[in-house]
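Just below is one structure, and these are the notes that go with it.
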Amino acid sequence: MSGFMGHEPNGRPGWPKTAREWLFTVDHKVIGVWYLIGSLASFAVAGLAATLMRIELGSVGPDITSDGNIYNLWLTMHGAVMILGFQIPALLGFVANYAVPIMVGAKDMAFPRVNAFSVWLLWSGILIALANLVIPDHFNGMWTGYPPYSTSDAAGNTALYTMVVVVLGMSSVFGAVNLACTVAFMRCKGMGWFQMPLTVWTVFTANIIQLIFVPVLAASVILLSLDKYLGFGFYNPETGGDVLLYQNLFWFYSHPAVYVILLPFMGIMFEIFSVSAKNMVFSYKSAVYAILAFIPAGGDVWVHHAFVAGLPDWLRVLMSFTTLLISLPFGLLMLSLVGTLYKGAIRYSGPMMWALGAWMILIFGALTGIPNALSAIDYGISDSYVIMSHFHYVMAVSGSMATFAGIFYWFPKLTGRICNETMTKLSAIGFFIGMNTVMGPLYFAGIAGMPRRYMDYQQFADNAVIVGAQHWSTIGLYITFLSVLLMVVTWIHGMLKGEKSSQNPWGSQSLEWTSTALIAGQGNFPTPVEVAEDWHPYRYIDNPKPTFQPAPASAGH
Amino acid sequence: MKIKSLSYKVLGTLLALPLIPTLVYAFEMDTAVRKNYNGLTPQAHWDEVWHEVMLDLIVIGVIYFAVALFFMIRYKRTGHDQVGKSPKLTGQAMIGWVVIPCMLFLGDDLFLYVKAFDLHNQMRNVPAHAQTIKVTASMWNWNYDYGNGVDTDMELRVPVGKPVIFRMTSDDVVHSHYVDGYHVTEDVMPGRVTWEWIMPVKLGESVITCREYCGANHSKMYGKLIVMKQADYDAWMTEALADAKAESAHRVASAAIGKVTASKINEGQEG
Amino acid sequence: MSEDIKHYTAHWHTSPFPMMVGFGSGLFLPWAFMLQFNYEQGTAALVCLAIGTALTVAGGLGWAGETIGVIKDENWSPSAMFMFIGTEIMTIAAVLVTYWVARLGAPVWPPVGTPEISATEPLLATIILLVSSITIGIARKRQLDGNASGFAMMVLLSVAIWAVFMVMTISNWNHLSGEGFTIGINAAATALYAFTGIHFAHIVIGILVMLTCVPSALKGRTSFSYTRAMTMYVHFVNVLGLYVLFQVYYW
Ligand code: HEA
Ligand code: HEA
Ligand code: CUA
Ligand SMILES: [Cu+2]
């Protein structure tokens, strides 16, 4: 296999060599790496903010700051950067750009230059967001930015918030159009819609969701700045505006956004489960339909974030029901994941450990969404640590574990080397234990009444549950911190000193491992790939091999 | 042909599955019971539903988890080039694996929904004889207006055994009024009046906190609810009324000065 | 503008232009806004605005010069533009919803005390605007006939029409605020300025999009898929203008 990138020695076409090739690249893989770097940097920054917050919350009373605005700055940065800077770019940037085009057998994205434009918009957005740490009037209105607080002077630089969201939103929209065209038009010859890996399906669907809903978010935050700086009155009750309008618009996007995050990371889990068990994904077609079902199912439930916001009662009970309906497609996906293990031949590789951890967290984390969805129950737990724990379990813990599983999984393609297996597993176990210790106790603190976004909890100083939970949670943070550090070390070690990987280290059937060099060069495939009608990315028995169309005379100029 | 049409009938019947718990529940509850919920307070009702929901979810979670764990152990790879051997689903099996789980999920959803709907009805229907308290939130204060000229900051006293409804609005940003132990939260915002009600049945204090982010001192915006015996409450109220009267008399006397200072203060706040 | 990438090539394609547009529009323009409105640093804002605009325009021109008529067309641009217009419609729908909520919830409309406003000037402006749909159609026809410079002329004519529309819009804003109908007075004014403003922003972007393909067209290079996508956008902005007119002046 190694010879087939001909002119490159030992199967390593390698990465671009010059700074110009890196910076001015229009290649989807290099752009994918830029996305990855951006998102990991965001994770580090937002994770350090979480570290500071947890240290502050470890005990009652001020620990490292007594200034509410400083804590709120950390929290705003943590929430916004984790979601907009880490999770979405890692999944819809890195996975979508790096893996998807190769998985569908395309030579690049449909619009390579637009792709480069998107990644630099992402970097612009991250740079603006980081500026929030140094400007004097930092924005502290939380990632949700509710008016009228966010349009008041106390919130700081609202324009920065608007700009970050708009710039990242533009980046997402262009990226989404690009990816949708790639998947729709550039699949290799013979690859039908039902022969696409589920990673492709999930990323594709997530991008459709982005296309439909991001604009609404952009509009809602632009109106914030118009209100604050140009004297418009959309959200100002005094001139006939309405503060609740913002919440409706915001959640109309931001609920679907959680599925934008969920779907791709479940796609990664499907990939790894199937490869590790060497088993066809259970009920593949129903999984595809379940994924698609998230588009309508996610679009009509936003009010569940505003159950206690004074909306009419009929709307609450209605959206309570529509929210519950999401358990159907979600349950089917979980069923497919478990079913993939049935009669499998499971190998517990490093990425599989991360993915399994993600699965275990996901089942319990997603189930904690159900009490929130029951409007009457939500009256008691809304905006408490119950909610906080819920979304960290699904999005932060499960989501990060699956994302990191993906990074470990595609690591050989990125670097040509494999990460040390023991270190990979150790960091997975550490992260699993650490984050459970952080978020588990906080669920009970939430039941005991602990509200979100509190820099201190003086009023609960004699509530043993809350004080104890906060204490243990901070201890959990230290475990998490160390395991994240270990993970970073594992990556660096793997990149420099790791064992050389073979062409297809996990034994996958998908095109990115079987039909191109380990580190593919520009254009990805030697000549256009073609798959047979009964080829399937998840079939491990008698799967016909992808073939290559005869090379046109001009190949490899 | 025969087998096929039979299986469609089976699948069709399964479609009715979700109705079962709903119907069970509907029959179980007669309207008279529903009306006063057997004397159940909203908070006790909430606890009950909460525990049922938790039990339900734990059962689902444990089933999924146990099956997965079993597969994980049972199907560990042993040979080097061993591959998975999951059976290929027939078309009908595929439909079955969608319809049956979906109906089960839907059934459970409806079951939970009906319970919560009932709870919702109780929590969102105020008893006729409830006492009204006007709540005004501001950064960072809770003001309780008893409607008779008495008002307090950060502290609310109510007599035991009498439902209380809060009619709430905000002077500045969005806040959220949460009374610990009563499982009620409702946002408070400018330009609208929102409400929630509680049924205090136990003497003692509970914490009132703000649950919507409202700036630097969001976490310090807490007060307490004090539930008192009717007699104690009356005594307190008489005293408070007298105080309020004295104060308003004082205010009338110094009306001219008062106006000036008040407008000054307002300007200062806005600037 | 899809890149003419062959499978399996030995060297990496590069282009500095996407980065220029990205940082120009994503970094400098937002800072210009923040400096102007949040920090009230007029000069610094102008500098940022100048850098941002220069980077964006130069990047856009370079980008177009590098792709239009140079790279083989794959005809996906119209589909992409179709999706993009879809997202645009969602954006506008979001603002519309805020408007309808305010309007349908209000006891009287326009709110009491709103100055009378006249619709003749915007009506005239919109009629002129709509002419550009015809000119851009002719442009496309010229291109199909292989007349690249005729195409460029018609595009420039459309740009000129849009510029006239911009001038008329600005003068209309001036009249309105002169009559006391200023931005924040009530929901009706908010809506009027928001919708006409959103439309105005589209006009600005549309002009940039149209201008980018003129230099290459003058050199005789055109791209069918780019032109199709561009005309779609132009028609969309025109329809939007018509819609805004009816929504805020005639309903
Ligand atoms: C990846 C992210 C993610 C995911 C997947 C979810 C999934 C779900 N979430 Fe969550 N959620 C968030 C991220 C996420 N959420 C975030 C970030 C917030 C807070 C934002 C903020 O305020 O800052 C939030 C807040 C939030 C609220 C608002 C609470 C409040 O503010 O008061 C609610 C309320 O309904 C809710 C519900 C749900 C539900 C019902 C699901 C469902 O999708 C879960 C469905 C899945 C299952 C149920 C498990 C699998 C199914 C089965 C095993 C089948 C059988 C099960 C049954 C029949 C019940 N979430
Ligand atoms: C994907 C999203 C995501 C992720 C991954 C996380 C991860 C974590 N979160 Fe976060 N969180 C949110 C999304 C996320 N969170 C959101 C949306 C909110 C709500 C915000 C709001 O209310 O508005 C929130 C709120 C939130 C709170 C609530 C605070 C409050 O309400 O007052 C807390 C408190 O414990 C918390 C903790 C943590 C912790 C301990 C982690 C840990 O997993 C973090 C682990 C990471 C590290 C420990 C960093 C490791 C770094 C290194 C080792 C550095 C390496 C160094 C270099 C390379 C230089 N989070
Ligand atoms: Cu008031 Cu938070
Ligand atoms: Cu949601």
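The values are calculated or read from the model by the stated rules, or taken from the named source; none is laboratory data. Since this is a predicted model, take the numbers as computed values, not measurements. So basically every Cβ, Gly included, is an ideal-geometry build from the backbone, and we count neighbours across all protein chains shown. These accessible areas exclude ligands, DNA and RNA; they are computed on the full protein's heavy atoms, side chains included. Shrake-Rupley method; radii C 1.70, N 1.55, O 1.52, S 1.80 Å.
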*Given only helices, namely DSSP H runs of n ≥ 4 each adding -39500 (n - 2.57), what is the per-residue ellipticity at 222 nm of chain A, to the nearest 500 deg cm²/dmol?*
-20000 deg cm²/dmol
*Return the value, in Å² to the nearest 100, of accessible area buried between chains A and B (probe 1.4 Å, both sides summed).*
6900
*Starting from the exponent 0.38 and prefactor 2.2 Å, build the expected Rg for segment C:137-201 from its residue count and divide its actual Cα Rg by it.*
1.63
*With all distinct Cα pairs included, what does the Kirkwood hydrodynamic radius of segment B:131-254 come out to in Å, to one decimal, could you say?*
14.9
*Carbon and sulfur together cover what percent of the accessible area of segment A:130-252 at a 1.4 Å probe radius?*
68
*Could you look at segment A:438-500 and say what percent of its accessible area is carbon and sulfur, using a 1.4 Å probe and all protein chains?*
74
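Nearest 0.05, what FRET efficiency do A:D300 and B:L55 give at R0 = 25 Å with Cβ-Cβ as r?
On the way: r = 29 Å, r/R0 = 1.14.
Rounded to the nearest 0.05, the efficiency is 0.30.
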_Could you check the spin-label model distance between A:L496 and B:K85? Points 7 Å from the Cα along Cα→Cβ, value in nm._
4.7
*asked:* For the full complex of protein chains and a 1.4 angstrom probe, list A:F330, C:F28 by accessible area with the highest value first.
replied: C:F28, A:F330
*For chain A, what is the accessible area per residue in Å² when the probe is 1.4 Å?*
28
_Part-to-part distance (alpha-carbon centres) for segment A:469-521 and segment A:300-352, which is given in Å_ = 28
*asked:* Please list, in order, the residues from segment B:105-140 whose amide nitrogen is less than 14 Å from a point placed 7 Å along the Cα→Cβ vector of B:E48.
replied: B:115-123
*Based on the mean of other beta carbon atoms within 10 Å per residue, what is the order of A:70-80, B:214-224, most packed first?*
A:70-80, B:214-224
*DSSP beta bridges in the protein assembly as shown [antiparallel fraction, %, rounded to 5]*: 70
*Accessible area of segment B:131-254 divided out per residue, in Å², using a probe of 1.4 angstrom*: 41
_Just checking the output field for A:363-374: average partner chain Cβ neighbours within 10 Å of each residue's Cβ?_
5
*Looking only at other chains, what is the average number of their beta-carbon atoms within 10 angstrom of each beta-carbon in B:57-68?*
5
*If you project the alpha carbons of chain C onto their three principal axes, what span does each projection cover, largest first, in Å?*
69, 44, 29
_By accessible area with a 1.4 Å probe, ligands and nucleic acids excluded, highest first: order of A:Y229, A:Y409_ = A:Y229, A:Y409
*Burial of 10 Å² or greater, segment A:197-224 residues [accessible area, probe 1.4 Å, versus chain by itself]*: A:L211, A:I212, A:P215, A:V216, A:A219, A:L223
*State, to one decimal in nm, how far the label point of B:R74 lies from the label point of C:D145, with both points 7 Å from Cα in the Cβ direction.*
7.6
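Taking each pair of different alpha-carbon atoms in segment A:28-174 once, compute 1/r for the pair, average those values, and report the inverse of that mean as the Kirkwood hydrodynamic radius in Å to one decimal.
16.1
Ignore the peptide's own chain and count Cβ atoms of other chains within 10 Å of each Cβ in A:161-168; give me the average, rounded. Numbers along the way, then the final one.
Numbers: counts 0, 3, 7, 1, 0, 3, 6, 1.
Rounded to a whole number, the mean comes out at 3.
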*Write down the percent of antiparallel bridges among all DSSP beta bridges whose residues are both part of segment B:131-254, to the nearest 5.*
70
*Go through A:E533, C:E179, B:E52, C:E88 and list them by solvent-accessible area, largest first, probe radius 1.4 Å.*
A:E533, C:E179, B:E52, C:E88
*asked:* For a 24 Å ceiling on Cα separation, which of these pairs sit above it: A:K413/C:K72; A:K29/B:K76; B:K115/B:K220; A:K545/C:K72; A:K29/A:K500?
replied: A:K413/C:K72; A:K29/B:K76; B:K115/B:K220; A:K545/C:K72
*Using alpha carbons only, what's the Rg to Rh ratio of the protein assembly as shown with Rh from Kirkwood?*
0.98
*asked:* Please state the shape class of segment C:65-153: rounded when a/c is under 1.5, otherwise prolate if a/b exceeds b/c and oblate if not, all from the C-alpha gyration tensor.
replied: oblate
*Given the C-alpha centroids of segment C:68-116 and segment A:143-185, what is the distance between them in whole angstrom?*
17
*When the Kirkwood radius is taken over all Cα pairs of chain A, what Stokes-Einstein diffusion coefficient follows at 25 °C and 0.890 mPa s, in µm²/s?*
102
*May I ask you to derive the relative contact order of segment C:61-217, considering only C-alpha pairs under 8 Å and at least 6 residues apart, and to give it as an integer percent?*
33
